[in-house]
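The values are calculated or read from the model by the stated rules, or taken from the named source; none is laboratory data. Please read all numbers here as calculations on a predicted model, not as lab measurements. Cβ: placed from backbone, ideal geometry, glycine included. Neighbour counts: every protein chain shown.
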Amino acid sequence: MMRRFLPLCALVLLPALQGCALQPLYAGGSQASVAQGLGSISVSPIQGKAGWLMHNALVDRLGAEPASGEARYRLDVKLDDKLLGLGLLSNNTVGRERRILRARYQLVDAASGDILLDATAGSDAGLDVVSSEYATVAAEQTALENLTKVVAGRIVTNLAVKLRARR
């Protein structure tokens, strides 16, 4: 009885979805205004190793960086990267760590210097501290690489939403 009822409910609710205001963010592909806007963002240099990783992750997600002078927008990013020791073991050594990466970013109109968006994005990862120092350092670096990709994705998604609202 229930199996026959579900398709009927779906058919009844289908017209209600047509009036929904949801639209694909990247509708139109590379020619869409959002894609064109993201492609016209120049990423300012970011200090440190985490900054270098973040800069590369942002450029990868935004597409090729525009040539100098052609950028409509500039993205300024400041990072806060912390590594916290958690979980003390009986011999007073750290058994677990948490890596926290936070980014404060501003989207600036290159022509006027107006700040169009001022926001933050962040993520964190937990990792085990093992007896091999090399393995622990490798895990910390891998966590940083993964976190920069996650945070860059969040930044670009927020930029896309902002650019879509501007059109």
TODO: For the range 81-101, name all the residues that are of a type in the set (Lys, Arg) and touching a helix residue (DSSP H, G or I) at 6+ places or on another chain (Cβ under 8 Å).
DONE: ARG99
Task: GLN23, sole failed condition from (1) assigned to a loop (DSSP other than H, G, I, E, B); (2) modelled with pLDDT of 95 or more - done: (2)
TODO: For the range 122-140, enumerate the residues that are surrounded by 13 or more Cβ atoms within 10 Å (Cβ to Cβ), assigned to a helix (DSSP H, G or I) and of a type outside the set (Gly, Ala, Ser).
DONE: THR136, GLU140
Task: Given (1) of a type outside the set (D, E, K, R); (2) over 22 Å from ILE46 (Cβ atoms); (3) in contact with a Leu (Cβ under 9 Å, 6 or more places away or on another chain), index of the condition LEU101 fails - done: (2)
- [ ] Just one of (1) modelled with pLDDT under 95; (2) out of contact with any helix residue (DSSP H, G or I) (no Cβ under 7 Å at 6 or more places or on another chain); (3) under 16 Å from ALA152 (Cα atoms); (4) outside any helix (DSSP H, G or I) trips up ASP60, so point out which.
- [x] (4)
Open item on the list: Can you go through LEU86, LEU53 and tell me which one is more than 18 Å from the chain's Cα centre (by Cα), within 20 Å of ALA139 (Cβ to Cβ) and not small (Gly, Ala, Ser)?
Closed with: LEU86
Open item on the list: For the range 82-109, give me each residue that is closer than 15 Å to ILE155 by Cβ and of a type outside the set (Lys, Arg).
Closed with: LEU101, ALA103, TYR105, GLN106, LEU107, VAL108
Task: Residue count for the range 128-153, restricted to those that are free of Cβ contacts under 8 Å to residues at least 24 places away in the same chain and of a type in the set (D, E, K, R) - done: 1
